[in-house]
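Some notes on the structure that comes next.
The values are calculated or read from the model by the stated rules, or taken from the named source; none is laboratory data. None of these values were measured; they are calculated from a predicted model. Cβ sites come from the backbone with ideal geometry, for glycine too, and all protein chains shown count toward neighbours.
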């Protein structure tokens, strides 16, 4: 990965001069509309249209080729047919342009021919040291320059939310939608096919961009999860990053790959990656935008105590319930604070938290007086308010009132109730505490519009405001994580390498259990004490040595699933039982195979760990509930190797059954250091031995406090 | 419960004559605005204002009291201060009015005095046979009469969604919001304090109301869960019912009880109740409205195969992913269908399902041609479409185009692209298949408005459209449930009754394990074979008789948690071991107590069942994962007793670990009939013996296929 100062987007997002290639004066062509956005949305630099036939484009002098331009533009945008792009990019390369945006579709996403064209495009760009966005993208916008090359107009003051998306729609077509929600981008980038600049470059750029206070990512697939993780880890401790990932299903992958050619992967790997990276995952585009906006605008939440203020019981209850479900508390207020609040609400209201003012036309209490009392009390860390409204409601009821108030017009009627907004709008800043609002009115209401314009989130439903607060709560957890402290990879074990090489030489697809455990032991992973025996007396002798009770297991690389086949004999208590069991195992196997004599490890708690290689992800570490519950509950979690100690420990806390591993029903807490170490090591083994495709440690029995690997399997890469 | 023809809401919702008491000509009073809604929103009957001083109200002749009226109105609405309501209600009782709405607050929700006033109100109503809504409510509306007594104006044609709410806001203040979303009520009722008519009456009424096609309920607490269940069970097989419940947390309960005085309860009981009743639970008010609207308007989903059609990859992937997560399938289309679709999309589009047309200004393909191909193919059961838009987008980009297209106005510009809507709007009806739409434009777009006005749901986000389809999918599961077939309660066991009485006479708080199991066995629940022994030889003899291995457990009503106290000795294999164990247990107990000698039941799978009494719910049955996992995973589910066989079986399928109880990793499927029977019986015992407050069967070990109760506790009600 390149270092930050060389991130190609700094130059691409802030050009002084732009050329467009292909945009003419036909207002029904997308290319023309995109070029119009440059000239209409206030770009302060120079604009050069290139067009084969037009003399002027939007009143700007048009040039017939790059070579006619008075200077090499900082950025060139292509909106003409695919086959022409490569040649003209070369022209721009020759005159010295270093950044390009290729809007044009018809490349890799269309099949082999398009793929070839895309390779040519990359080759030309490399040759002339050009860094480019696309092809098959919707462009970008920078509200702080300003510069907008998308089809939708950019309006309003500069924003604070940075966005990068593998779907162009979410950059451009949603601009009118975002305006209605009061959400404004700092910078937004559509990455298209990511032939050169990819979404990880965008993440890095937005992480460094001073205008961007939070980052939202729409992801359908990552080509290099490791680089993504490394980049995100540097950003998330100081700037919130949110992501939506939707490529995990068959249909999702079908849709994603046909469109952007991106690489989808199983959802659980992305889930683990996001947790590891400190990224806040969301489940819809609405959340990606609105939670991103909350995180971009509001002071950090410092604790989890929340106040709820409403003009109606229902929304208050719903907000309290939603926040509770998400791990926040809605504590009852002190008697003193309740007494203060009661002075400002009717007797049938409620002051306990949630505060319910009940319905009232006067907005002073709900907007100013009571929030001020609550925020200065020190009893909470944040406030959600539902029901603050004025002109929206008044305009709605006005048609019924005309007979009584006169035909003065809805706006004029509502204007009579207007109040000074300065004090309520200054509250979040005054107290440095987050405030989030909701009502059932949009920007037609003067409060909604004023708050949104002052970077205070205003939602159209109480649960949405509560979920916005929960996004702050989630980011608070991210900020509290210990810093990532990578451990050094241990040296490769010669013994392990020999075992693996030997197995591959013999054509084995996997190691037998004994060899698997030798590899694990070579890296210090605690495995059950065991001896390989080749006769009944040998087995009995081994058992005497190990100590009873013991387990006997047939051991061969061909025997992967031993349960239920008579190949395991548990709980043997004497040499006689061992000799009988030995013969029984051989009889079940139907061939002369070695038999593993293992110490019988006892413990009520069983977990599992593992490693898999996944294209684009490298070595992934798995941890979960083990034994019989593995498949039935699928209570597990993944991370990318190498893991630091903290990340391994987080994996243990992530599974639903994590309480089981603490002090639980009279059982001691598991040795967390030992268990974390197993998780780190299993990932390290994956990195040190790329010939291994899969490691499975299941079950790991918690014996007393200590995790002991009782069964394991190492699967080898197939050439 | 009264039978349906006597439901008091039929008369209340369709009066021919209405009086209001308290509403005058001051437009800033809520009461006046509510009365205005009656006269402005088209009520076809007679309106009589009662007012102490005004001669006319809104131009209607005002009367000074009920006795001055020319007739007894069918309905009277009170908006005057609380202390006056009781007397005036009596006046109306005297003239013969039988239905009332008490908007007025200041009753039970304000404390003991208000409670007293509410009792007086109920007493007067009872005396005159008056059924009433409220007090402390926001009224109701009937869009089919029409009649609206809420503060917000009623607009648009009659709707199809019935709503009843324990929060008035959701009936009245959201009307402008709902108009923007294209959602229209058939009937909506704010229940307030439910002093007389309650939300269950509303559910029953809406269930029978022909104008209502789906029912949404906002619930903060139920006083009689059993009556709710009985009512809902009759409705949900033929009409969808949705509910939001938010009272389950401390703060939620605090907010709810202060406002409506409703009875909140633990969330898990409501979760179980809704599942049992076939009610679709939602998590936000937005879902309550919008999913209700989908279910009210769309043809039933007959299978789970879904088509996804978009003008952009991102929303298509997101919709496919959301539907997959919710249990629907997005199957790849046949080659034939794909070939047909490809004729209508550009080469870089995608025809596989999701279908991605890529961005295009022509709406024919996305609105008509391709939906028609998909729906007539027979390859799917429903269709979600994102990106259908025209004037919304055109008006958004118009400001940039004025130089090129002329200053013709945004509306005129957009109008050039208008198309015939008849064919696309007729598609759902033509094929009898559900269609749901989304785009990022609201009613400013001609498509959004037209679809909404034709009862085709149109959302503002792709995941929302997908979740709407999932609501249809969930209702499809409800419809496929076998009919509720109540089993007869078994006769009370004399032996069980004697054991319980005996224990209570001795002042025990709970039965000892042996007695608990005797009660269970008396009702046919399979428990481990066991004998109570009072000496070591007795124990050894019992063990010989039962067969080895056995378990010894100290047995006394004082010993509830035996684990880890040396009071249990497992896996004893000989009479010698038993005698030693007997003495060890007594030593641990420190007193001379009987010892239970039980057959050692073996099995890898452990579940648990139980019964608790909960105020408002009666006997509730619990089922979940047992043994060591009980607390760590809390994988369990509740239902109300009595359970029918199907409901018991559904409980088994509800827990996350249900796969464990089928054929699993070489283990046979559990005897489902036997396990269901345990669940039914444990509920029956709760009903037959109200002296029992709690039954706990944990673990129930699955021995081979058979569930066997290995430990149990019966707790008695404390007087």
Revision key, fill the gap. Scanning segment B:25-70 for residues that are part of a loop (DSSP other than H, G, I, E, B), on the phi < 0 side of the Ramachandran plot and facing chain A (nearest Cβ under 10 Å) gives B:25, B:26, B:27, B:28, B:29, B:41
Point to revise | Which listed residue is in contact (Cβ under 8 Å) with a residue 12 or more places away in the chain, within 14 Å of chain B (Cβ to nearest Cβ) and surrounded by fewer than 18 Cβ atoms within 10 Å (Cβ to Cβ), from A:699, A:690, A:668 | key: A:668
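Restricting attention to segment A:432-441, which residues are over 30 Å from residue B:442 (Cα atoms) and either without any contact (Cβ under 8 Å) to a residue 24 or more places away in the chain or crowded, with 19+ Cβ neighbours inside 10 Å (or both)?
Within segment A:432-441, just A:433 meets the criteria.
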Point to revise | Search result, residues across segment A:606-624 that are farther than 13 Å from residue A:697 by Cβ and touching a strand residue (DSSP E or B) at 6+ places or on another chain (Cβ under 7 Å) | key: A:613, A:614, A:617, A:618, A:619, A:620
Check your understanding: Quick one: would you say residue A:267 is surrounded by fewer than 24 Cβ atoms within 10 Å (Cβ to Cβ) and outside the structural domain of residue A:428 (by TED's automatic domain parsing)?
Key -> yes
Study note, to complete from the structure: Restricting segment A:138-164 to residues that are facing chain B (nearest Cβ under 7 Å) and buried (at least 24 other Cβ atoms within 10 Å of the Cβ), the one nearest to residue A:77 (Cα to Cα) turns out to be A:151
Check your understanding: Which residue, of B:257, B:284, B:290, is at pLDDT 95 or above, surrounded by fewer than 21 Cβ atoms within 10 Å (Cβ to Cβ) and either within 13 Å of chain A (Cβ to nearest Cβ) or more than 19 Å from the chain's Cα centre (by Cα) (or both)?
Key -> B:284
Study note, to complete from the structure: The lone condition residue A:344 fails out of (1) part of a loop (DSSP other than H, G, I, E, B); (2) within 14 Å of chain B (Cβ to nearest Cβ); (3) in contact (Cβ under 8 Å) with a residue 24 or more places away in the chain is (2)
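Rundown of residues vs (1) within 23 Å of residue A:161 (Cα to Cα); (2) within 14 Å of chain B (Cβ to nearest Cβ); (3) out of contact with any helix residue (DSSP H, G or I) (no Cβ under 9 Å at 6 or more places or on another chain), yes/no style:
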site: A:418; (1), (2), (3): no, no, no
site: A:429; (1), (2), (3): yes, no, yes
site: A:448; (1), (2), (3): yes, yes, no
site: A:492; (1), (2), (3): no, no, no
site: A:498; (1), (2), (3): no, no, yes
site: A:501; (1), (2), (3): no, no, yes
site: A:519; (1), (2), (3): no, no, no
Point to revise | Matching option when the condition is touching a helix residue (DSSP H, G or I) at 6+ places or on another chain (Cβ under 7 Å), at positive phi and not assigned by TED's automatic domain parsing to the domain that holds residue A:685, among A:590, A:566, A:547 | key: A:566
Check your understanding: Scanning for something exposed (fewer than 15 other Cβ atoms within 10 Å of the Cβ) and within 48 Å of the chain's Cα centre (by Cα), does segment B:607-622 turn up at least one residue?
Key -> yes
Exercise for review: Might you let me know whether segment A:462-471 holds any residue that is in contact (Cβ under 8 Å) with a residue 40 or more places away in the chain, over 30 Å from residue A:317 (Cβ atoms), outside any loop (DSSP other than H, G, I, E, B) and touching a helix residue (DSSP H, G or I) at 6+ places or on another chain (Cβ under 9 Å)?
Suggested key: no
Revision key, fill the gap. Residue set A:191, A:85, A:79; condition over 26 Å from residue A:206 (Cβ atoms) and surrounded by 23 or more Cβ atoms within 10 Å (Cβ to Cβ); output residue A:85
Point to revise | Selected residue [in a helix (DSSP H, G or I) and within 14 Å of chain B (Cβ to nearest Cβ)] from A:648, A:632 | key: A:632
Check your understanding: Just checking, which of B:299, B:331, B:354 is touching a strand residue (DSSP E or B) at 6+ places or on another chain (Cβ under 6 Å), surrounded by fewer than 21 Cβ atoms within 10 Å (Cβ to Cβ) and either assigned by TED's automatic domain parsing to the domain that holds residue B:450 or touching a residue at least 60 places away in the same chain (Cβ under 8 Å) (or both)?
Key -> B:331
Check your understanding: Assuming residue B:603 fulfils every condition listed in (1) farther than 21 Å from residue A:633 by Cβ; (2) over 32 Å from the mean Cα position of the chain (by Cα); (3) outside any helix (DSSP H, G or I) apart from one, which condition is it?
Key -> (1)
Exercise for review: Return yes when residue A:331 is more than 29 Å from residue A:481 (Cα to Cα), within 13 Å of chain B (Cβ to nearest Cβ) and either in a strand (DSSP E or B) or more than 26 Å from the chain's Cα centre (by Cα) (or both) and no when it is not.
Suggested key: no
Check your understanding: Is it the case that residue B:94 is more than 24 Å from residue B:166 (Cα to Cα), touching a helix residue (DSSP H, G or I) at 6+ places or on another chain (Cβ under 8 Å), within 14 Å of chain A (Cβ to nearest Cβ) and touching a residue at least 12 places away in the same chain (Cβ under 8 Å)?
Key -> no
Check your understanding: Has segment A:302-312 got any residue that is surrounded by fewer than 21 Cβ atoms within 10 Å (Cβ to Cβ), more than 10 Å from chain B (Cβ to nearest Cβ) and out of contact with any strand residue (DSSP E or B) (no Cβ under 7 Å at 6 or more places or on another chain)?
Key -> yes
Point to revise | Every residue from segment A:506-539 that is within 16 Å of residue A:585 (Cα to Cα) and in a strand (DSSP E or B) | key: A:531, A:532, A:533
Exercise for review: Examine segment A:203-214 for a residue that is touching a residue at least 60 places away in the same chain (Cβ under 8 Å), over 17 Å from the mean Cα position of the chain (by Cα), within 14 Å of chain B (Cβ to nearest Cβ) and under 17 Å from residue A:240 (Cα atoms), and state whether such a residue exists.
Suggested key: no
Review point. For segment B:694-719, how many residues meet the condition of being at pLDDT 95 or above and closer than 19 Å to residue B:615 by Cβ?
Key: 4
Exercise for review: Consider residue A:388 carefully, then state whether it is in contact with a helix residue (DSSP H, G or I) (Cβ under 6 Å, 6 or more places away or on another chain), within 14 Å of another protein chain (Cβ to nearest Cβ), part of a loop (DSSP other than H, G, I, E, B) and surrounded by 20 or more Cβ atoms within 10 Å (Cβ to Cβ).
Suggested key: yes
Exercise for review: Identify the single condition in (1) touching a helix residue (DSSP H, G or I) at 6+ places or on another chain (Cβ under 9 Å); (2) away from chain B (no Cβ under 14 Å); (3) assigned to a helix (DSSP H, G or I) that residue A:659 does not satisfy, given that it satisfies every other one.
Suggested key: (2)
Review point. Does segment B:575-594 contain any residue that is farther than 26 Å from residue A:605 by Cα, in contact with a strand residue (DSSP E or B) (Cβ under 6 Å, 6 or more places away or on another chain) and in contact (Cβ under 8 Å) with a residue 60 or more places away in the chain?
Key: yes
